[in-house]
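Enquirer: This is the structure I have questions about; it appears just below.
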Amino acid sequence: MDPALLRRTAEIAAEYLSSLPERPVRAEASLEELRSALRVGLDEAPRPALEVIEELVAVADPGLMGSQSPRYFGFVVGGALDSAIAADWLTSVWDQNGGGFLLGPSASVAEEVACEWLLDLLGLPADAGVGLTTGCQMAHFTCLAAARHRVLADAGWDVEADGLFGAPPIRVLVGSKAHTTVFAALRMLGMGSRRVELIAADDQGRMRASELERMLAAGEGPAIVIAQVGEVNTGAIDAMPEIAQLAREHGAWCHVDGAFGLWAAASPALRTLVDGVSDADSWATDAHKLLSVPYDSGVAIVRDRAAHAAAMNSFAGVEYIPEPQHDERYSAEWVPEFSRRARGFAVYAALRELGRQGIADLVERCCRCARLMAEELARDPRATLLNDVVLNQVLVRFATDGVNVTDEVIDAVQREGTCWMSGTEWEGEPAMRISVCNWRTTEDDIRRSATAILAQAGAVAQASR
Ligand SMILES: Cc1ncc(COP(=O)(O)O)c(C=O)c1O
C-alpha cells in the first residue's frame, strides 16, 4: 500500500472539484486525441502505481465532461455530494463484497438502513422489497421480473422454474412516451419490446388514462401496466391515481418509472404532483440523479416482497451459503447480481448528509431553477417553450425567420463552454432539453447560462442572415 498515492489522489480530486465552477463544461479533447493519448500499448513490465495515476489524470483530464458542474444540464445527470464521493472511495478501499451479510456485515446493515430511509422518504410501503441496482434500467429489470413472477404465478405458471416457453401470454401496456430503458428491460426479460400495447400520450407525454381504460377492457389475461412520473424530455407526470386504480380493477401489476420524478415525493411542497404513486406495485428510480450519489446507483422497490425475492434470489438452497438466521440482508435476494459493489455506503452517506430537509430543498431548488431557466429563455422571441415546467426539465425550441435552428444553437452553446445541454426530437422537430439535476446549481448559474444560451442563439441568427 502506498499512502503517498492515496494522498496525491485525494489532492487531485479536491483540485478537480474546486475547478468546476470556472472550468468549461464541455470536454476539450477530441476522440482522436483521447485515443492516441490513452492507447499507449500494454506494458510488459509493472509500473509504479503513483506514476500510473499521474499519467492517467494527465491524459484523461482533457476528455472529462464537466457533468459535476453546476451548469451541466445534459440528459438527466446528478452531481455527487461530498459525503457520497467519500463513502464511494471508502467502498473501494474496504472492497467488501456487497452480496450479503456474511461477506460484509457493515455493508449489509448500511444498505438495510439506507433502504428503510428511502422507503420512508419516498412515502412507499415500509415492508416493500428494495434492491440497489446500477441504475434505473436495471431497477426496471428487477421490478418487472417481480411483476412477471406474480402475474404468471397468479395464472398458475412458475416462470422461474419453467421459463416463458408455453407460459400464458402477458399483456404489457406502456405509455407511448415511456423511456427507452423500459423497453430494454422488457426485451431482456423475454417479454419483447415490440409486442407491448402502446397507450397514446398527450402533448406533454402523459399516458392518457382514458386510453388505458379502453385498452385494458379490450383484452384479458395476466397484465402489467407501466406508468411514468417524470418524462425524460418534459418531466410530465402520468395521472397516477387513475392509472393505479385501473390496474387494480383489472388485476394488472402497476410499475412506475420514477427515475427522477419519484423524488417529488420527498418534498412536502411537491408531493401532490405524484399523488397516487404509492398505490402502484413497483417503482424504479435512481440515486445517481437527484439524490446526488456518484454513478452508478439505482433503486428497485417492490411492494410484494415474496415476488421480488422469488424473481431475484440467487443463493437460496446453495450449499455453501448459510440461510439467514436473523433476517440479515443478502442483496443477492433483491438484485440481479450475486457478487457486487457495496452500494449502500454511498446512498447511506448521501441520505445522512442531506437529511429529510436537505433532500426536499435540493429537489425544490432544481425545480425552481428549471422554472427560472424557462422564464429567462422565454424572454427571447426566438425561443419557444415546449413544456409545462412541472419538475426539473425544460424543453425549448429556437427558430430564426421560421426556421428551426435548435441544433445549431445547441452546438454553439456546447462549444462556447459556459454550460452544456443536449438535444432531442419533440413532435418530429429538434428541441433543446435542459435538465437541472445538480445540487450545486444556483439561480446565478441559471442566469449566467441563460445569458450564454441567448447570446449563442443571437449569433446563430446573425450567421444565418
Ligand atoms: C424517465 C427515465 N427513466 C429511466 C432512465 C434511465 O436511467 P439509468 O440511466 O439510471 O438507467 C432515465 C434516464 O435519464 C429517465 O429519465
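The values are calculated or read from the model by the stated rules, or taken from the named source; none is laboratory data. Treat the numbers as computed from the prediction; the structure is a model and nothing was measured. Cβ coordinates were reconstructed from backbone atoms using ideal geometry, including for glycine residues, and neighbour counts include every protein chain displayed. Surface accessibility is based on the protein's heavy atoms, side chains included, excluding ligands, DNA and RNA. Shrake-Rupley method; radii C 1.70, N 1.55, O 1.52, S 1.80 Å.
This table checks each residue for (1) crowded, with 20+ Cβ neighbours inside 10 Å; (2) at pLDDT below 95; (3) not polar (S, T, N, Q).
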{"position": "Gly166", "(1), (2), (3)": "no, no, yes"}
{"position": "Ile170", "(1), (2), (3)": "yes, no, yes"}
{"position": "Ala178", "(1), (2), (3)": "yes, no, yes"}
{"position": "Val182", "(1), (2), (3)": "yes, no, yes"}
{"position": "Leu186", "(1), (2), (3)": "yes, no, yes"}
{"position": "Met191", "(1), (2), (3)": "yes, no, yes"}
{"position": "Arg194", "(1), (2), (3)": "no, yes, yes"}
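Enquirer: Going through Arg397, Arg415, Arg382, Arg356 one at a time, which residue ends up being touching a residue at least 12 places away in the same chain (Cβ under 8 Å) and under 28 Å from Arg23 (Cβ atoms)?
Expert: On inspection, the qualifying residue turns out to be Arg415.
Enquirer: Still on this structure, please answer the following. Checking the conditions here, which among Arg26, Arg47, Arg35 is assigned to a loop (DSSP other than H, G, I, E, B), among the basic types (Lys, Arg) and surrounded by fewer than 16 Cβ atoms within 10 Å (Cβ to Cβ)?
Expert: None of the other options fit; the residue is Arg47.
Enquirer: For region 101-188, which fully contained helices (runs of 4 or more DSSP H) count at least 1 residues that are within 16 Å of the ligand (Cβ to nearest atom) and in contact with a Cys (Cβ under 9 Å, 6 or more places away or on another chain)?
Expert: 180-188
Enquirer: What number of residues within region 293-317 are at pLDDT 95 or above, among the aliphatic types (A, V, I, L, M) and over 30 Å from Asp82 (Cα atoms)?
Expert: Counting residues in region 293-317 that are at pLDDT 95 or above, among the aliphatic types (A, V, I, L, M) and over 30 Å from Asp82 (Cα atoms) gives 6.
Enquirer: Across region 433-457, what is the number of residues that are in a helix (DSSP H, G or I) and among the polar types (S, T, N, Q)?
Expert: Selection size over region 433-457: 3.
Enquirer: It is to be established whether one or more residues within region 270-289 are open to solvent by 10 Å² or more (accessible area, probe 1.4 Å), more than 25 Å from Tyr348 (Cα to Cα) and within 16 Å of the ligand (Cβ to nearest atom).
Expert: Scanning region 270-289, I find at least one residue that is open to solvent by 10 Å² or more (accessible area, probe 1.4 Å), more than 25 Å from Tyr348 (Cα to Cα) and within 16 Å of the ligand (Cβ to nearest atom), so the answer is yes.
Enquirer: Return the only residue of Glu353, Glu376 being over 30 Å from Ser464 (Cα atoms) and surrounded by fewer than 23 Cβ atoms within 10 Å (Cβ to Cβ).
Expert: Answer to the selection: Glu353.
Enquirer: For region 58-93: of the residues being part of a helix (DSSP H, G or I) and of a type in the set (S, T, N, Q), which is most open to solvent (accessible area, probe 1.4 Å)?
Expert: The extreme case among them is Ser92.
Enquirer: Identify all residues within region 259-269 that are open to solvent by 10 Å² or more (accessible area, probe 1.4 Å) and either more than 16 Å from the ligand (Cβ to nearest atom) or touching a Pro at 6+ places or on another chain (Cβ under 8 Å) (or both); write none if there are none.
Expert: Of everything in region 259-269, those that are open to solvent by 10 Å² or more (accessible area, probe 1.4 Å) and either more than 16 Å from the ligand (Cβ to nearest atom) or touching a Pro at 6+ places or on another chain (Cβ under 8 Å) (or both) turn out to be Pro268, Ala269.
Enquirer: Quick check on region 294-324: of everything there that is in a helix (DSSP H, G or I) and open to solvent by 60 Å² or more (accessible area, probe 1.4 Å), which residue is nearest to the ligand (Cβ to nearest atom)?
Expert: My answer is Arg305.
Enquirer: So which of Ser108, Ser69, Ser83, Ser92 is among the hydroxyl-bearing types (Ser, Thr, Tyr) and without any contact (Cβ under 8 Å) to a residue 40 or more places away in the chain?
Expert: Ser92
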